[in-house]
Amino acid sequence: MDKKKKILTIIVFMLFIIVFVLAYLLFQKYVIKSNFEREILPFANKNDKTVFQVNKIVLFSNCDAKNKTGSSTNFTIENLYQYTDMAIFINNSSTEEKTLENTFKKVSIQNIQYPTLPELGEPKLYFKGLNQFSKSDLVTENEIHDTLDFAVTSENEANLDTPILYNNLANPITLSFVNQNIKSDYTLTDTSTPITYDGTLLKRCNVALSSIACKLSFDICITNNLEEEFKTTVFVNIPLETQEKSIYDGNVNVTQNTNFMFYRYK
């Protein structure tokens with residue numbers, strides 16, 4: 001074989017390799033695109049409209065303590081705790097009447113996380129009865145350890161001091177964040193000023209607000225009456241002060257307009 005034929009053979013061989021590689025890359029791209037569409041399109045089709053959303057959260061932050069001993073000259077606090085009650089309103093963005101699609105069958109709280117932990121105290125999340133909202137009652141049996149399952153009812157009346165929701169979204173989810181033992185066995189020597197069991201205690205006990213700042217998140221999971229399953233993650237920054245006041249002044253009440261959209265995954 002002469003030199004020209006050798007060069008031509010090499011060129012043809014190299015072109016064949018290039019064409020093969022390009023074809024392989026195009027095939028890989030097609031496979032990736034097909035897999036992406038196979039995974040994403042069903043999800044997109046399930047979420048072509050919004051069925052549920054959290055559009056408002058009302059937050060009330062305060063403080064309380066359990067006294068241990070007291071005398072004419074001093075007062076000892078056993079457990080200084082800060083709490084924030086939250087009312088989470090879920091609505092349906094549709095203006096249509098209630099249907100199997102936009103009403104509750106099951107609702108639960110799951111996956112409680114603390115992206116920012118306070119420097120002082122022991123944070124926990126509790127169920128809070130609607131009638132006890134903004135009160136400092138600490139019911140240890142209501143602590144949410146892993147998951148809180150709500151009962152769902154269509155009756156006209158329900159005991160809202162228990163975890164129960166009307167299936168037509170009539171009442172909010174009510175929870176309470178409690179940061180306990182911020183101070184324990186802490187003695188106040190100035191008893192000339194009456195002790196008020198609210199946020200002013202934090203100031204009297206020399207608790208910096210930055211030391212109890214906290215952020216938490218949790219998932220709300222919904223199953224509707226078509227057996228479709230939805231989920232959203234709610235993020236809460238515990239309010240300790242606003243532009244107008246701080247919890248040092250007694251308490252803080254905040255209403256947040258939110259847009260936590262539920263996505264359907266089943």
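The values are calculated or read from the model by the stated rules, or taken from the named source; none is laboratory data. Just so you know, these numbers come straight off a predicted model, no measurement behind them. Backbone-built Cβ (ideal geometry, glycine too); neighbour counts: all protein chains shown. Just so you know, the surface numbers come from the protein's heavy atoms only, side chains and all, with ligands and any DNA or RNA stripped out. Shrake-Rupley method; radii C 1.70, N 1.55, O 1.52, S 1.80 Å.
Observations, loosely collected:
- Leading residue at positive end of dipole, the range 103-212 (Cβ point charges), from 114, 152, 139: 114
- Net dipole in debye of the range 51-147 [+1 Lys, Arg Cβ; -1 Asp, Glu Cβ; about Cα centre; nearest 20]: 120
- Residue 248 sits among other residues whose Cβ lies under 12 Å from its own Cβ, and their net charge, with Lys and Arg +1 and Asp and Glu -1, is 0.
- Where Rh is the Kirkwood radius over Cα pairs, Rg/Rh for the range 107-266: 1.01
- Accessible heavy-atom area order of 209, 120, 216, highest first, probe of 1.4 Å: 120, 209, 216
- Reachable aspartates and glutamates from residue 98, criterion Cα separation under 16 angstrom, eight or more residues apart if same chain: 155, 227, 228
- Applied to the range 126-132, the Karplus parametrisation 6.51 cos²θ - 1.76 cosθ + 1.60 on θ = phi - 60° returns per-residue 3J(HN,Hα) values of 10, 6, 10, x, 4, 6, 9 Hz, with x for Gly and Pro.
- For the range 197-244, a simple Cβ point-charge model (Lys and Arg +1, Asp and Glu -1, everything else neutral) yields a dipole of about 420 debye relative to the Cα centre.
- Label sites at residue 50 and residue 233, each approximated as a point 7 angstrom past Cα along Cα to Cβ, lie 1.9 nm apart.
- Taken as Cα centroids, the range 93-147 and the range 197-211 sit 25 Å apart, rounded to the nearest whole angstrom.
- The order of 263, 114, 24 by accessible area, most exposed first and with a 1.4 Å probe, is 24, 263, 114.
- Ranking by accessible area, most exposed first, for 255, 200 with a 1.4 Å probe: 255, 200
- Counted residue by residue at 0.36 nm each, then reduced by the alpha carbon distance between them, the extension gain from residue 134 to residue 156 reaches 5.4 nm.
- Computed with a 1.4 Å probe over protein heavy atoms only, the accessible surface of the range 44-184 comes to 49 Å² per residue.
- Amide H contacts of residue 63 (H built 1.01 Å from N, in plane; Pro and chain starts excluded): 83, 199 sit under 5 Å, all sequence-distant by 5 or more or on other chains.
- Cβ-defined net charge surrounding residue 199, 11 Å radius [Lys, Arg +1; Asp, Glu -1]: -1
- All C-alpha to C-alpha distances of the range 131-172, sorted into 10 Å bins beginning at zero, yield P(r) values of 23, 50, 27, 0 percent in whole numbers.
- Sparsely packed loop sites in the range 122-214 (the GluC sites (Glu not before Pro) outside DSSP H, G, I, E and B with at most 14 other Cβ atoms within 10 Å) comprise 155, 157.
- Exceedance of the 20 Å cut-off in Cα-Cα distance is limited, within the set 106/266; 49/266; 29/49; 56/215; 183/245, to 29/49; 183/245.
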